[in-house]
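Only one structure is covered here, and it is reproduced in the block below.
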Amino acid sequence: MIALVISIFSTWLTAAPELADAAKEALQRSLHGEVTFPPQGGVRIHYSFESADQFDDWTEYPADAGRGHWIIEKGELTGMGRRGIRHRIKFREQVKLVINFRDSVAGRIHLLDSGDGKAEVRTDYRALNLSNEKPELLPDEFIKSNVPRIEISLDVNQFILKRGDVIEERPARGNAAGFTGLWAWGTEVKIESVTLSGQPDAEWMRTYQLQAELLKRIEDSSATGKNEVDLTPKTMPIVWELNGPEPQRGRGGEYVLFSDELPCHVTFVGLKWKNYKLEGWFIAPENGRLTVRGRAQLNRLTDGACVVKLSPLMLQASSLDSPTVKTEVDLEPDRPHPFKVTWFANTVTVEIDGTQRLHSRMRMGATGGIALLLEGQGTKVGGLSLKLLPCQSMHE
């Protein structure tokens, strides 16, 4: 395996500000790749994929993506089907990416992706799309090259794409921010290493630091035997990662998640549970649904160790080793319904409007992370609070 990755250029076209010590500590503590801070500013993360936990820095997206999945095994990152993964860091204007494929270049790259698959830069190594303009076919010498290495550099002024000795340069539109996405698109993708560097978005970085501080307090509390963690509507947004529309604000300043034409997918990062209780309210049209998914692997959209589905007509609960339990309900659509989902040991209980609507024992309990999926235009969730017992380290 080629573990050594050489950067495209030694400096940025525009120098990046140096990160504050608190920001550096948060990135080093929470990321699983090799994190360094170049003299020219920003952050650099290298992934050799020799450890499966490096996948924790990526998440599958978007929520409405086609069938497929990504996995790290045998020292490689492999993508299959039609699905993307995006890195946790949201970069602002400046980003560089180096990918070493195992044998041949495959899939797609998104730079400065909004998180729902729309990106400032997209390429499938045959065509190039900048700022959602009409795709431009790349030259034959680039497409037909046998070099299994792709290098991309983007800043406020210039975009550069390199494969072997072939270099494509274009002017770039500045003042954009977004995530870095890797996509499988029908053909299996096998990657030996990825190096990602750039300047994190300042607003994203502030939230990320708060998240790291909160998770450290939780981890320290767990280490002293105080395992119960209670997240209120104010602290919940610090630990969630959105793949969908930005939340609205309710009358009391609470955050309200919603889905529109596309579903909204929310992952609570860094939190693992054995027993949990999730409370809040939800609104759903007749064809809408809220899914509470206890996932063995947080970053997999399709992984559901323990699943509870709430809709105006039906409640469902299931686990990996138990059949689905269904209960018919008759909830008025398009109005708020307080709910409480409790998964304690092998038992799941769902309360709606203060009344127990579902209570079932599964064959065995499951531990993992928690995610929400909102489907159907107009489905909303707010007033969320979460109690976890016990909470484990996000590095476990």
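The values are calculated or read from the model by the stated rules, or taken from the named source; none is laboratory data. Every value quoted in this text rests on a predicted model; they were computed, and no experiment measured them. When we count neighbours, we look across all protein chains shown, and the Cβ atoms used for this are built from the backbone with ideal geometry, even at glycine.
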Quiz prompt | Qualifying residue in the range 78-87 (condition: in the same structural domain as Arg29 (by TED's automatic domain parsing), out of contact with any Gly (no Cβ under 9 Å at 6 or more places or on another chain) and basic (Lys, Arg)) | solution = no
Self-check item: Candidate set: the range 41-61, residues that are more than 14 Å from Lys90 (Cα to Cα), more than 11 Å from the chain's Cα centre (by Cα) and buried (at least 19 other Cβ atoms within 10 Å of the Cβ); chosen: the one modelled with the lowest pLDDT
Solution: Gln54
Practice problem: Filter the range 200-231 down to the residues that are polar (S, T, N, Q) and modelled with pLDDT of 75 or more, then identify the one that is surrounded by the most Cβ atoms within 10 Å (Cβ to Cβ). | Solution: Gln211
Practice problem: Return only the number of the condition from (1) surrounded by fewer than 18 Cβ atoms within 10 Å (Cβ to Cβ); (2) at pLDDT 90 or above; (3) touching a Pro at 6+ places or on another chain (Cβ under 6 Å) that Asp64 does not satisfy. | Solution: (2)
Quiz item: Can you find even one residue in the range 148-171 that is closer than 19 Å to Thr78 by Cα, in a loop (DSSP other than H, G, I, E, B), in contact with a strand residue (DSSP E or B) (Cβ under 6 Å, 6 or more places away or on another chain) and modelled with pLDDT of 85 or more?
Solution: yes
Exercise. Check Glu279 against each of (1) of a type outside the set (Phe, Trp, Tyr); (2) at pLDDT 75 or above; (3) crowded, with 17+ Cβ neighbours inside 10 Å and name the one condition it does not meet.
Key: (3)
Quiz item: Looking at the range 157-196, which of its residues are of a type outside the set (A, V, I, L, M, F, W, C) and either free of Cβ contacts under 8 Å to residues at least 60 places away in the same chain or not assigned by TED's automatic domain parsing to the domain that holds Phe91 (or both)?
Solution: Arg163, Gly164, Asp165, Glu168, Glu169, Arg170, Pro171, Arg173
Quiz item: If Arg300 satisfies every condition in (1) closer than 15 Å to Glu375 by Cα; (2) modelled with pLDDT under 90 but one, which is the exception?
Solution: (1)
Quiz item: Just to be sure, is Asp116 farther than 26 Å from Asp155 by Cβ and not in a strand (DSSP E or B)?
Solution: no
Quiz item: (1) modelled with pLDDT under 85; (2) within 17 Å of the chain's Cα centre (by Cα); (3) among the aliphatic types (A, V, I, L, M): which one isn't true of Ala184, the others all being true?
Solution: (1)
Quiz item: Residue check: is Lys118 modelled with pLDDT of 85 or more, closer than 23 Å to Ile160 by Cβ and basic (Lys, Arg)?
Solution: no
Practice problem: Give the range 282-297 a look and list any residue that's among the small types (Gly, Ala, Ser) and either over 19 Å from Trp343 (Cα atoms) or modelled with pLDDT under 70 (or both), or say none. | Solution: Ala284, Gly288, Ala296
